[in-house]
Ligand code: PEP
Ligand code: MG
C-alpha cells in the first residue's frame with residue numbers, strides 16, 4: 001500500500017458529496033471524495049501527475065497520479081452547458097504537472113449566476129485501486145491544505161502512463177438506440193467490452209460513466225440522437241472504441257408496441273369498481289381472456305440495518321448474488337428473444353461492478369448485506385427517477401427487480417412465493433416485476449391487469465412473448481377488485497369488464513371457446529400441405545432464429561424453414577462461433593425440422609445488425625455500406641467456416657443456402673466459387689441449392705440475369721421496401737409509410753417472379769409481408785408460390801390460403817399494380833380479405849417479421 005495525499009485544489013468550504021445536487025456525484029457513481037464550495041477562482045493540481053482529460057468546455061479536469069490513480073475535479077454542476085464560457089485552461093491534456101500548479105481558472109460570478117451549484121467535486125475515480133483513509137469535510141479549507149488521504153494498492157494501476165503519455169482515444173457518436181441507453185443496451189455494452197482490457201468511459205452532459213457499469217450508463221440519461229463522447233485508454237483501446245461505437249450507433253427497434261408510458265399511481269385509496277363497470281387501459285400484449293381475478297400478494301422484505309461483521313456480511317452478499325445469478329442463468333438458458341435480452345440485462349445489473357463497490361462500502365461501514373445492497377441500488381433508482389424521463393423511469397423496474405431478488409435470497413426465500421394462482425385467473429396488481437412473471441406458472445395465467453406500468457416495460461414485453469393478454473395503466477380502481485371477481489379482459493380494445501353479469505360472461509366464454517376451437521382446427525388442419533381452394537399448391541414455411549422456433553414451427557404445421565437468420569449465433573458474444581459449433585446448431589435445427597427443407601441464410605450483419613467482435617469501419621450510412629454478403633466477402637474466413645458448417649449438415653440435400661443483400665452476378669459467382677472450394681475441402685460431391693434474397697431494387701431488376709445463376713429467389717420485403725422507398729426501416733416517423741404493399745415494391749416483386757417463372761425457378765417471400773395476412777392473396781397473384789412467415793401465423797395463413805383461388809389472386813394483383821399508393825393497395829387487400837371469415841387479428845410479436853397473430 002502506498003499513500004496518496006490530495007491537497008485542496010481550491011480555497012473554500014469542504015462539504016460531503018451528498019450535498020452536490022447531482023445524483024451522479026452525490027451517489028458516488030463516479031467515485032468517492034469531497035466537494036468544495038469555492039471561494040477562489042483558480043483550480044490547482046491536488047498532487048503531481050499527468051493531465052489525462054481536459055474537455056473543450058474546460059469545466060473539468062482529470063489528473064493521473066504517479067501511482068496510476070485518476071483524480072477528477074469538476075467545477076460546479078452542469079457547467080458543461082456553458083460551453084467553455086467563463087473558463088480558461090492553463091494546461092493541456094498529456095502535460096505533467098506538480099502539486100499546486102494552476103490547472104484552470106474560472107469566472108466565479110458568472111458561474112454563480114449561470115450554474116445550478118458551484119460545489120466542485122474532487123473525486124478519485126478508480127476506487128477499485130484506492131481506499132479512502134481520511135477526508136476533511138464541513139470545514140473552511142485553504143488552497144494547498146491536506147484534503148484527503150488515500151491508500152493505494154501496489155501494482156494496481158490499470159494503465160500506467162507510457163512514455164508518450166498513453167494517448168486516450170476518443171470519438172463522438174450519435175446514439176441511434178431507439179430508447180437511448182437503457183438497461184438492455186447498457187448490459188450489451190458491458191458484455192461487448194468483457195474480453196477487452198482498455199478503460200472505457202462514456203461522457204455525456206459533463207458526466208462520465210464507466211462503460212462496463214450498466215447503472216452508471218443508465219444514469220447518464222442518454223436518449224436517442226444524443227451525441228456522446230466515448231473514450232478509451234489501454235492496450236486494446238481502439239477495438240474497445242470501435243465495439244462501443246458500433247453498439248451505440250445500432251438502431252435497435254423496440255420489441256413491443258409503443259404507448260405513452262404511464263407514471264405509477266400515488267397513494268390513492270381506490271374505490272372498487274361497481275359490477276358491470278368497464279375499465280380502460282393500455283394494451284401491452286394482445287389477446288382475450290375470461291377468468292376470476294387473482295392477486296399476487298407482495299410482502300415487504302424486512303431489512304436490518306446493522307451488520308454482524310464485515311467478513312460475514314460480505315460472504316452473505318456473495319452467496320445471495322451467486323444464488324440469484326444461478327437462477328437467472330437457468331432462466332436465460334431456456335429463454336429466447338426479448339425474454340433472453342431482459343434476463344441478460346438483469347444479469348448485467350447483478351454483476352455491475354459499481355453496485356458491488358457501493359454495497360461493499362456500506363458493509364465496510366458496519367451495515368448488513370441486505371441494507372448495503374438495498375442502499376447501493378437505491379442510489380441508482382433515485383438517479384434514474386430524477387431524470388424525469390418516463391422511459392428511463394420505466395427501467396427503474398429492472399433495478400427494483402434485481403434489488404428484490406437479492407434481498408429475497410438474503411432472507412432465504414425463493415422467488416416462487418405464496419400459493420399458486422388458480423389456473424386461468426387474471427392477475428391483478430399495481431405493478432409486476434419481470435422476475436415475478438417469470439416465477440409464476442405463466443402457462444396457467446389467463447391474463448394480466450396492472451394499475452400502473454407502461455406498454456414498453458419489460459414485463460409487458462415478457463407477457464407478449466409468452467402470449468399472455470395484458471392491459472397496463474388501468475388506474476387505481478383495478479387494485480380494489482376483490483379476488484375471485486369475474487373479469488372479461490379484452491386486450492385488443494383495451495377494456496376490462498368487471499363482474500359483467502352471467503349473460504355477458506357466457507357470451508365472452510363462448511367467444512373465447514370459439515376462438516380456441518378455431519385455433520385448434522386451424523392447427524390440426526395445418527399439419528396438411530397447403531393448397532388453395534382450386535388445388536394450387538402453395539408452400540408455407542417458417543422464418544426461424546433459434547432451435548426453439550424450429551420446434552414451435554413444426555408443431556404449427558410449417559412445411560420447412562424459408563429463412564434461418566444465422567445472426568442469432570453470432571450476436572451477443574465475444575468471438576465468432578466456431579465451424580463445429582455452427583454445424584452442431586444447424587444440425588439440431590435440421591433434425592427438429594424432421595427432413596423438411598432448411599434454408600440457411602449466410603451471416604447478415606452490418607447496417608442495423610453490428611457485432612462487437614467484428615468492428616466494421618465507421619460508416620456514414622451503414623445501411624448502404626458493408627452489410628450482408630458484402631461483409632461475408634470482405635471476411636472470407638467467416639464465410640468459408642459458415643459454408644463448410646452448412647454443407648456438412650445431414651441428410652445432404654435438406655439444406656439450401658440463401659445469400660443476403662445481393663446486387664449483382666459477380667457476388668453470386670464469388671460465393672459459388674467459395675461453395676465449390678468448401679465442398680472440395682469437406683469432400684462433398686452433391687451440389688447445394690443456392691438462392692438469393694431479393695432485397696435491393698438492383699437484384700429485382702436483374703432477376704432475369706440472375707435466374708441463370710441461382711436455384712431460387714426469396715424476397716426480403718423488409719429491406720426491399722426500405723431501399724425502394726428510400727425510408728429507413730427503423731425510422732419511427734416513417735413507420736406508417738413504410739408499407740411493403742406500396743405498388744413500386746409490388747412491381748419489383750412481380751418482375752422478379754416473372755423472371756423466375758420464365759427460367760423455371762421458384763420465388764418465395766420471407767420478408768415481413770409474408771407474415772401480413774392481408775398480403776397473401778396479392779403475393780400469390782404476383783407469382784409467389786412459397787411464403788415464409790413467423791411460426792405462430794402458419795395455421796391462420798394456411799387456412800386463409802385454402803379459401804382463395806388463383807383466379808381471384810391474379811385479379812387482385814392486377815388491380816393492385818394499377819393503383820398509385822400503398823394506402824390504396826392495403827384498402828383493396830383488406831376489402832378482399834373481409835370476404836374470408838374472421839380476418840386475422842394481430843398479437844404483438846418481438847420478431848423482425850412484424851405483427852403476427
Ligand atoms: C428482409 O429484409 O425482408 C429480410 C427477411 O431480412 P432481415 O429482416 O433479416 O433483414
Ligand atoms: Mg433483410
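FYI, it's all coordinate maths here, none of it is from the lab. Predicted, not measured: the structure shown is a model, and the values here were computed from it. Note that each Cβ is placed from the backbone with ideal geometry, even for glycine, and that neighbours are counted across all protein chains shown.
A few comments on the model shown:
- Extended-chain gain in nm, criterion 0.36 nm per residue less alpha-carbon gap, residue 636 and residue 807: 56.9 nm
- Förster radius 35 Å - calculated FRET efficiency between residue 511 and residue 413 (Cβ-Cβ, nearest 0.05): 0.30
- Relative to the longest principal axis of the Cα atoms of the chain, the long axis of helix 396-410 lies at roughly 80 degrees.
- Separation of the range 52-86 and the range 688-762, taken as the distance between their Cα centroids, equals 53 angstrom.
- Listed peptides 683-691, 401-409 appear in the order 401-409, 683-691 once ranked by packing, highest mean of other Cβ atoms within 10 Å at the front.
- Zone of residue 326's modelled label, taken as backbone nitrogen in the range 367-386 under 19 Å from a point 7 Å along Cα→Cβ: none
- Proxy reagent accessibility, fewest Cβ within 10 Å first, across 528, 747: 528, 747
- Extending 7 Å from the Cα toward the beta-carbon at both residue 274 and residue 618 defines two label points whose distance is 6.5 nm.
- On the beta carbon distance between residue 650 and residue 672, with R0 = 25 Å, the FRET formula returns roughly 0.65.
- When peptides 32-44, 658-670, 509-521, 67-79 are sorted by average Cβ neighbour count within 10 Å, with the highest value leading, the order is 67-79, 32-44, 658-670, 509-521.
- 341, 539 arranged by Cβ crowding within 10 Å, fewest neighbours leading: 539, 341
- Degrees, to the nearest 10: 665-682 long Cα axis against longest axis of the chain: 90 degrees
- Share of pairwise Cα-Cα distances greater than 22 Å in the range 547-671 is 37 percent (whole percent).
- Two-site label geometry, residue 227 and residue 98: point separation in nm, points 7 Å out along Cα→Cβ: 3.9 nm
- Degrees, to the nearest 10: 237-248 long Cα axis against longest axis of the chain: 50 degrees
- Share of alpha-carbon pairs per 20 Å distance bin for the chain, given as whole %: 14, 41, 33, 12, 1
- Spin-label pair residue 814/residue 503, simplified geometry with 7 Å Cα→Cβ offset, distance in nm: 5.0 nm
- Fully extending the segment from residue 139 to residue 153, taken as 0.36 nm per residue of separation minus the present Cα-Cα distance, adds 2.2 nm.
- Per-residue extension of 0.36 nm, minus the Cα-Cα distance of residue 681 and residue 311, leaves a gain of 127.3 nm for this segment.
- Residues 481, 230 arranged by fewest to most Cβ contacts within 10 Å: 230, 481
- Sequence ranges 233-240, 376-383, ranked by mean other-Cβ count within 10 angstrom, highest first: 376-383, 233-240
- For residue 171 and residue 365, the FRET efficiency from 1/(1 + (r/R0)^6), where r spans their Cβ atoms and R0 equals 45 Å, is about 0.70.
- Take every Cα pair under 8 Å whose residues are at least 6 apart in sequence, average their separation, divide by the length of the chain, and the relative contact order is 10 percent.
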